[in-house]
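The values are calculated or read from the model by the stated rules, or taken from the named source; none is laboratory data. Computed from a prediction, not measured in an experiment: that's the story for all the values here. Cβ atoms come from the backbone with ideal geometry, glycine included; neighbour counts cover every protein chain shown. SASA here: full protein model, heavy atoms, side chains in, ligands and nucleic acids out. Shrake-Rupley method; radii C 1.70, N 1.55, O 1.52, S 1.80 Å.
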Amino acid sequence: MEILLLRISIQHSHKMTFKIGIIGCSRVAKNKFIPAINSLEFASIDIVGSRTDSKAKQFSKEIGCKTFGSYEDVISSDIDCVYISLPDGLHEKWTIKAAEAGLHVLCEKSSTTSYESAKNMVNTSKSSKTRIIECFSFRFHPQHKKVLDLIQEHNLGNIHNFIGNFGYPRPNDNNIRLQKKLGGGILNDACCYPICASRIIFNEEPVGVMSNLLIDATLGIDISSSVFLIYDKKNAYAESGFDRNFKSNYEIWCSKGNIKLNRAFAVPKNFETEIHLIKNDSKKIIMIEPVDQTALMIKTFFEEISNIKKCDFNFEDDLLKQAKILEAVRLSNKKKKFVYLEDIEK
Ligand SMILES: NC(=O)c1ccc[n+]([C@@H]2O[C@H](COP(=O)([O-])OP(=O)(O)OC[C@H]3O[C@@H](n4cnc5c(N)ncnc54)[C@H](OP(=O)(O)O)[C@@H]3O)[C@@H](O)[C@H]2O)c1
């Protein structure tokens, strides 16, 4: 077995400073987004907003930000953009308010809970000439590009199939993920990741989907999500669930080999990931150095909005494409039949 090491570093070359407001004193803001901002010299947290004044005060003290207030206070303050990490069902309302105030938006995934709502968000962004990104930070980890490069370099042939799994133990009953009225459910929370990853790996959109969501009778939310996506000449399968042993991986099956990523979606910034490549009888493990995928996402967003460097995908188009697939997944489950993406617009 051969073990290779890929080294990656984040370069900073910015003179401008982006002033960011935080909407919602969430766990992901505290554990991922704010540490990432603190590692970037061209961005600062200028105000923190919470539903509760005491929480905003405590949170801003903990992160060393002097100004705090309500969500409205954040939106009316002198900043460039907001980071919204509210329950998925509240993303639309606060994205629209922020965009109407002329602010760019970094909105946590899933951007929202319906395709209609995603269109409202993007239309508002466009009419107010602001930008919005759905914070799928995983896609900025260089390991996915490396997977694609390895398929070429090792001549693995055509890609036929993608299988992605993302699941974990059931959260506590009061967690936002289990609240129907807040847009909870495993599709919005986790299955959206392997679905998005299959789009990135194939570099195309699916033709249609067939899905099976297991709805918890008491909670009224999906706690298990199985999605079969038909692409032109290839297929993907995305599987997620609460109440699972932790899994966050994907495997790609090619004509002349297989390639597997052991940690694909939730990747802590100090975590070394592995790509496993199998061709004939040889097995290679390619180690990827730890990288902060959240910091890379933020850097990409700021480079795009400040015209320093264009991202290789359009944020708003991508948000809409992803939301359209999730809509098709919900519809397929409801009707228990295959749903063509082109029928979603009708
Ligand atoms: N990209 C990633 O890696 C990643 C990782 C985890 C989560 N996420 C996403 O980030 C978002 C937040 O997830 P989280 O795990 O950080 O959640 P969380 O800790 O529960 O935070 C959600 C925040 O939303 C605010 N909120 C507003 N209305 C609420 C209500 N009715 N009930 C509860 N909270 C309410 C609260 O802030 P205030 O009390 O301050 O108002 C709360 O702190 C979700 O969209 C999730 O999918 C992304």
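Remarks
- Residue 177 vs. criteria in contact with a Gly (Cβ under 7 Å, 6 or more places away or on another chain) and either under 24 Å from residue 315 (Cβ atoms) or assigned by TED's automatic domain parsing to the domain that holds residue 235 (or both): yes
- Residue within region 66-77 that is open to solvent by less than 20 Å² (accessible area, probe 1.4 Å) and polar (S, T, N, Q) present: no
- Flag for residue 75 being closer than 13 Å to residue 21 by Cβ and in contact with a Phe, Trp or Tyr (Cβ under 6 Å, 6 or more places away or on another chain): no
- The listed residues are 295, 323, and the only one of them that is under 14 Å from residue 139 (Cα atoms), open to solvent by less than 30 Å² (accessible area, probe 1.4 Å) and either part of a helix (DSSP H, G or I) or among the basic types (Lys, Arg) (or both) turns out to be 295.
- Residue list for region 115-145, filter: closer than 17 Å to residue 189 by Cα, within 16 Å of the ligand (Cβ to nearest atom), open to solvent by less than 30 Å² (accessible area, probe 1.4 Å) and not acidic (Asp, Glu): 117, 118, 133, 135, 136, 137, 138
- Residue in region 44-58 that is buried (at least 20 other Cβ atoms within 10 Å of the Cβ) and touching a residue at least 40 places away in the same chain (Cβ under 8 Å) present: no
- Near pairs, Cβ below 7 angstrom, 6+ apart or cross-chain, from region 82-96 (near the ligand (Cβ under 6 Å from one of its atoms)) to any residue that is among the small types (Gly, Ala, Ser) and not in a helix (DSSP H, G or I): 85/24; 85/26; 86/24; 87/183; 88/110; 88/183
- Number of the exception - residue 237 against (1) of a type in the set (Phe, Trp, Tyr); (2) more than 21 Å from residue 135 (Cα to Cα); (3) in a loop (DSSP other than H, G, I, E, B): (3)
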